[in-house]
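What follows is a single structure, written as structure tokens, with notes after it.
Just so it is clear, none of the values below were taken in a lab; they were calculated from the coordinates. All figures in this text were calculated on a predicted structure; none of them were measured in a lab. Neighbour counts are summed over all protein chains in view; Cβ atoms, including those assigned to glycine, are modelled from backbone coordinates with ideal geometry.
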Amino acid sequence: MAVIKDSGSRGVVDSLFIHTNANDDITTVPIDSVNVSFAGFDGDSHTGLTRESCVRVKRQYPVGTVIRNTRQISIVSQEELQSIAQTMKVSGIQPEWLGANLCLSGIPELTKVPPASRLLFSSGATLVVDVENEPCKYPADIIDEHYKGAGKLFVKSAMQRRGVTAWVEREGMINLRDTVEVHVPKLHHWISH
């Protein structure tokens, strides 16, 4: 019996990006298509099977510990970006300002897609959702360059709307306007004691 099932939710790739220089700010640059390997998006600075742990997992590992790279790809949704912009009272938030690799449309509440969900792209690649990508100050600094004084509103405005991180389960291509299916695992409510 399959534990991961098609949710029926479908989306479209609105835009694709890569981050070309790890020494630059988080801003990504647009591309039309990308080869996706088990290491991530070809040419992206976050590509790799492993990475050094950071403050996001400091309760699990000392910073700098080599761990599996489950943050290969950052995904946002057009609908959530519009919602963030409305809350911030600005005309728009661009996905590249958040360091996004993928901007999808048509998937309601993308940020709340459960961990371990699969995103199956029509060109062949499959990504596995890791976790919510919580908002931080880096996009806020870039937003402030476009809307002076508004950056300070980003973190609070983007809570539960900042998108997700993902890693590659199946190699292939992702192209602009590809469709994407969302397959989700069986969900249980768990309470730790």
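Below are the figures for this structure:
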{"quantity": "Region 91-193: trypsin sites (Lys or Arg not before Pro) in DSSP loop, at most 13 other beta carbons within 10 Å", "calculated": "Lys148, Arg177, Lys186"}
{"quantity": "Under 5 Å, built H, 5+ apart or other chain: amide partners of Ser53", "calculated": "Gly64, Thr65, Val66, Ile67"}
{"quantity": "Options Gly172, Ile75, Ser53, ranked by Cα towards positive dipole end of the chain, top entry (Cβ charges)", "calculated": "Ser53"}
{"quantity": "Per-residue ³J(HN,Hα) for region 81-87, Karplus 6.51 cos²θ - 1.76 cosθ + 1.60, θ = phi - 60°, Hz, x for Gly and Pro", "calculated": "4, 5, 5, 4, 4, 4, 4"}
{"quantity": "Dimensions (Å) - the chain, Cα atoms, principal axes, largest first", "calculated": "53, 40, 39"}
{"quantity": "Within the chain, longest stretch free of exposed GluC sites (Glu not before Pro) [DSSP loop, at most 14 other beta carbons within 10 Å]", "calculated": "1-108"}
{"quantity": "Hz values of 3J(HN,Hα) by residue in region 123-132 - Karplus curve (6.51, -1.76, 1.60), Gly and Pro given as x", "calculated": "7, x, 6, 10, 10, 10, 5, 8, 8, 4"}
{"quantity": "Pairwise FRET efficiency - Leu187 versus Asp6, Cβ, R0 = 22 Å, nearest 0.05", "calculated": "0.90"}
{"quantity": "All Cα pairs of region 132-193, percent lying beyond 17 Å", "calculated": "64 percent"}
{"quantity": "Loop-resident sites, region 1-85, for trypsin sites (Lys or Arg not before Pro), counting at most 14 other Cβ within 10 Å (DSSP)", "calculated": "Lys58, Arg59"}
{"quantity": "Å³ per residue enclosed by the Cα convex hull of region 1-100", "calculated": "177 Å³"}
{"quantity": "Principal axis dimensions, largest first and in whole angstrom, of region 55-131 by Cα", "calculated": "40, 32, 20"}
{"quantity": "Estimated [θ] at 222 nm from DSSP helical runs (n ≥ 4, -39500 (n - 2.57)) normalised by residues in the chain, nearest 500", "calculated": "-3500 deg cm²/dmol"}
{"quantity": "Amide proton proximity set for Asp178, modelled H, under 5 Å, gap of 5+", "calculated": "Val13"}
{"quantity": "Evaluated over region 38-84, the Cα radius of gyration and Dmax, each in Å", "calculated": "13.5, 37"}
{"quantity": "Long-range amide H partners of Ser9 with built H, under 5 Å", "calculated": "Val182"}
{"quantity": "Region 19-30 - phi-based ³J(HN,Hα) in whole Hz, Karplus 6.51/-1.76/1.60, Gly and Pro as x", "calculated": "9, 8, 9, 4, 8, 7, 5, 7, 4, 9, 10, x"}
